[in-house]
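Following: one structure in structure tokens, then a few remarks.
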Amino acid sequence: MSEGDILSDLIEGRISVQQAEQALDEILDSSLAADVQNQLGFSRAEWTAYAYGASLSELASWRQDGWPDRCIVCGNQIEIDRFGWIVIDVMGASRLKHISCPES
Ligand SMILES: [Zn+2]
């Protein structure tokens, strides 16, 4: 399980969240750490969100069901692929907010 697409594996139920986290840890501890995004099949946006604190299970559900693409401050749509957003924790769930939000 050193290469592949762990979010798809999670979505399809081939691995557990715990196994996915373990696979990620193994890559990050290895010589492949710099290539972790490709090794585990993350998109650039997914890996960015993970770095901001979104969990693997959240990323899997976002890939399957769509991202929470409304800014939690101003309510306007966020274009995920254009970046300019950060992930913040709202009552234990990851949500997106504009970096330069017109409302803050
Ligand atoms: Zn906003």
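The values are calculated or read from the model by the stated rules, or taken from the named source; none is laboratory data. None of the values given here were measured: they were computed from a predicted structure. Every residue, glycine as well, gets a Cβ built from its backbone with ideal geometry; the counts of neighbours run over all protein chains shown.
Would you check which residues across segment 68-101 are farther than 22 Å from Ser55 by Cβ, touching a Pro at 6+ places or on another chain (Cβ under 8 Å) and not polar (S, T, N, Q) and list them?
The one that is farther than 22 Å from Ser55 by Cβ, touching a Pro at 6+ places or on another chain (Cβ under 8 Å) and not polar (S, T, N, Q): Cys74.
Pick from Ile80, Ile88: which is buried (at least 17 other Cβ atoms within 10 Å of the Cβ), within 16 Å of the ligand (Cβ to nearest atom) and at pLDDT 95 or above?
Only one candidate qualifies: Ile80.
Run Asp9 past the list (1) in contact with a Leu (Cβ under 6 Å, 6 or more places away or on another chain); (2) free of Cβ contacts under 8 Å to residues at least 12 places away in the same chain and report the number of the one that doesn't hold.
(1)
Residues being closer than 27 Å to Phe83 by Cβ and not in a helix (DSSP H, G or I): count how many of those fall in segment 1-50.
Adding up the residues that qualify gives 8.
Spot the failing condition for Pro68; the list is (1) within 16 Å of the ligand (Cβ to nearest atom); (2) of a type outside the set (Ser, Thr, Tyr); (3) more than 15 Å from the chain's Cα centre (by Cα), and only one is missed.
Failed condition: (3).
Could you say whether any residue in segment 7-16 is among the aliphatic types (A, V, I, L, M) and either modelled with pLDDT under 95 or in contact with a strand residue (DSSP E or B) (Cβ under 9 Å, 6 or more places away or on another chain) (or both)? Step through it out loud before you land on a result.
Within segment 7-16, the first condition is being among the aliphatic types (A, V, I, L, M), and the residues that meet it are 7, 10-11, 15.
Still in the running and either modelled with pLDDT under 95 or in contact with a strand residue (DSSP E or B) (Cβ under 9 Å, 6 or more places away or on another chain) (or both): none.
Taking every residue of segment 7-16 in turn, none turns out to be among the aliphatic types (A, V, I, L, M) and either modelled with pLDDT under 95 or in contact with a strand residue (DSSP E or B) (Cβ under 9 Å, 6 or more places away or on another chain) (or both).
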